[in-house]
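The structure appears below as structure tokens.
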Amino acid sequence: MKKKSVISTVIKWILIVFAALIVLFFSVRAIGKLIYNRTPDGGINQSMYIDVNGTKQWISIYGDDTDNPVLLYLHGGPGSATSDYDYAFTRKWADVYTVVTWDQRNCGKSYDARQNDVVLTRELFMTDGKEVTEFLLDYLSKEKITLLGHSWGSIYGANLVLEYPEYYECFIGTGQLVDSTENEEAFRQEAIVWADGDEETLQWVNQLTPDKVTMEHINARNAIMHKYGYDMMINGSDYDLASTIIFNPYYSLIDWINYFRRDMGVYLDFFTSEEFASFSLTGRVDYEVPFYNINGDRDYQTNYRLAQEYFDEVNAPYKKMFMMENMTHGLLISDSEGFSEILHQIAAAELEK
């Protein structure tokens, strides 16, 4: 009986300590969320669901001064919403821009399982982007906004600017994607050179199918990038991602549960479709607004050389390329400070015009 009593006491204390740690964790998280939920004096800090093309989609709006220009950030993917951590780097721009982040349809906080049967098309995305832009122009009382897109967001954003130039002050593409098929073929050619006869890599190369992207293609590409040091996050992060996620002011426990329950099959179908390919920028080089690019010189996920070639062909009222040294596709996170410095340069240049 004495042995059972000792075991019972130990278990009881383990449960007490465990419960105390849970209480401590959620208390610290609550304090952190309160801090990040503060609104700057004279600024704005809001998040909301808005009506977009027959759906509810989530946006956040944050800035130090509501008189600043508005910047809409388009995340990559397609379907890779970054609302679980992007406030940590987008708020570094908030002294010169009112920054809007948007979880595009059926991903991130905009995820809705009832949309999983909706076929994603170019027309659908173009209408979504137009409606979100029009909402911001009206809600924030602006005549135009700046558009910043990363990866998929860069080719999506370029299409919006080409289609609706009257809505935008300038376009900023980072990790610039030009043409999906050409991009995947360029990666295959790079991988052959890296392999230099290495049998393991050549086996992965044989799994690459640029004309028809599959999960096998994606897995092989990722394996090659990891082996040769071109991973998106090979440079890590210049801020603490764990605490950023823990203190996220926008995510509740239910949001996190939904985050891990989402089905992204609809986006894989889109990524491999002709609709995705139809966003190609090949031959479409005439912009009516200033065109900026910020790319990493080690980015082969969206090939920086193709981005440079496209930039050289672009006709725009003004254009400028920024090439970040030793950066791969994760430049927004890996060097958020350096990226912010470039955005401040762009904001200053646009202000002078």
Quiz item: So is Y267 farther than 30 Å from D117 by Cα, in contact (Cβ under 8 Å) with a residue 60 or more places away in the chain and crowded, with 16+ Cβ neighbours inside 10 Å or not?
Solution: no
Practice problem: Could you list, in sequence order, all residues of the range 236-250 that are modelled with pLDDT of 90 or more, hydroxyl-bearing (S, T, Y) and open to solvent by less than 30 Å² (accessible area, probe 1.4 Å)? | Solution: Y250
Practice problem: Specify the residue that is surrounded by the most Cβ atoms within 10 Å (Cβ to Cβ); the eligible residues are those in the range 206-232 that are at pLDDT below 90 and hydrophobic (A, V, I, L, M, F, W, C). | Solution: V213
Self-check item: All positions within the range 62-71 that are out of contact with any helix residue (DSSP H, G or I) (no Cβ under 8 Å at 6 or more places or on another chain) and either surrounded by fewer than 22 Cβ atoms within 10 Å (Cβ to Cβ) or of a type in the set (S, T, N, Q) (or both)
Solution: D64, D65, T66, D67, N68
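The values are calculated or read from the model by the stated rules, or taken from the named source; none is laboratory data. Only a predicted model underlies this, so the values are computations on that prediction, with no experimental measurement involved. Cβ coordinates were reconstructed from backbone atoms using ideal geometry, including for glycine residues, and neighbour counts include every protein chain displayed. For accessibility, only protein heavy atoms count, side chains too; no ligands or nucleic acids. Shrake-Rupley method; radii C 1.70, N 1.55, O 1.52, S 1.80 Å.
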